[in-house]
Amino acid sequence: MFGGGGMNPRKMKQMMKQMGIDVEELDAERVVIETADGDDLVFDGAQVTKMDAQGQETYQIVGSPESVADAGAGGATAVEGGDDPALDDADGGDDGIPEEDVKLVAQQAGVSKEAAREALEAANGEPARAISDLQ
């Protein structure tokens, strides 16, 4: 858990405790970092460590992120696959195509949402194929 340049992890933990630093491993399944430019980072199965030093909390995320266009509240389901029809209705898609996929195709191909939805229907709901067909 700790890299101390060859220092015993137990001793390192003891020293940190003496300095008032508490370290806790969090059992996180998914971490989403929403960025201002819309290309959000999604960490699935990441190792998350919370460090509390004198009331200041710091979180460390170890893992490989996937870059996703707008993984906000609706986008989190689209990243996971979006195969649940109940989620599709919540995303506004009566045709089984998640709204996040429509937004992604529209943004990447530079077309309207209607054209993106039609391309997704023709591509059996595969965003990459729909984008490729539109370009």
statement: Sorted on mean Cβ neighbours within 10 Å (highest first), peptides 121-134, 30-43 come out as 121-134, 30-43
query: Highest mean first, what order results for 102-114, 48-60 on Cβ atoms within 10 Å?
result: 102-114, 48-60
- prompt: Under 17 Å Cα-Cα from K113, which lysines qualify once same-chain neighbours fewer than 8 residues away are excluded?
  reply: K103
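Could you work out how much longer the chain between S64 and R10 gets when fully extended? Use 0.36 nm per residue separation minus the Cα distance between them, nm to one decimal. Could the numbers behind the result be given before it?
On the way: separation 54, 0.36 × 54 = 19.44 nm, distance 2.75 nm.
Between S64 and R10, full extension yields 16.7 nm more.
Every number here is computed from the coordinates shown, using simple stated rules; none is lab data. None of these values were measured; they are calculated from a predicted model. Every residue, glycine as well, gets a Cβ built from its backbone with ideal geometry; the counts of neighbours run over all protein chains shown.
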